[in-house]
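Working notes for the structure below.
The values are calculated or read from the model by the stated rules, or taken from the named source; none is laboratory data. Remember, predicted model here, so these are calculated numbers, not experimental data. Surface accessibility is based on the protein's heavy atoms, side chains included, excluding ligands, DNA and RNA. Shrake-Rupley method; radii C 1.70, N 1.55, O 1.52, S 1.80 Å.
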Amino acid sequence: MSIETKSILVVDDEPKVRSLLRRCLEMDGYEVIEAENGEQVHSAIINHTVDLITLDLNLGSESGLTIASEIRATS
């Protein structure tokens, strides 16, 4: 039986927050993909298999809720 590594997309405009989440999640065996804005989110979803997304709702000039709605509309 093979165990497949699950991937988590961490979306936050703060590099320190992304770094902290990356370290914690990787220690638990997850593959972590990072994004800091909507454009990077959409690119990550196209180029990777993403099992879970952690999404900051306040991304500076962008709304995390808008990004979440766009993701839900296409996946």
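Per-structure values
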item: The chain - accessible surface per residue (Å², probe 1.4 Å); result: 70
item: Solvent-accessible surface ranking, highest first, for THR49, THR54, THR66 at 1.4 angstrom; result: THR49, THR66, THR54
item: Carbon + sulfur, % of accessible area of the chain - ligands and nucleic acids excluded, 1.4 Å; result: 52
item: Accessible area, probe 1.4 Å, largest first, for residues GLU70, GLU39; result: GLU39, GLU70
item: Relative contact order %, the chain, counting alpha carbon pairs below 8 Å whose residues are six or more apart; result: 36
item: Highest-fluctuation residue, ASP12, ASP51, ASP28 considered, GNM on the chain with Cα pairs under 10 Å; result: ASP28
item: Beta bridges per DSSP with both ends in the chain, % antiparallel, nearest 5; result: 20
item: Options (1) 19, 53, 24, 3, 0; (2) 17, 35, 24, 16, 7, 2; (3) 15, 34, 28, 19, 4 - which one matches P(r) over Cα pairs in 10 Å bins from 0, in percent as calculated here; result: (1)
item: Max mean-square fluctuation residue, GNM over the chain, Cα-Cα springs under 10 Å, options SER43, SER19, SER61; result: SER61
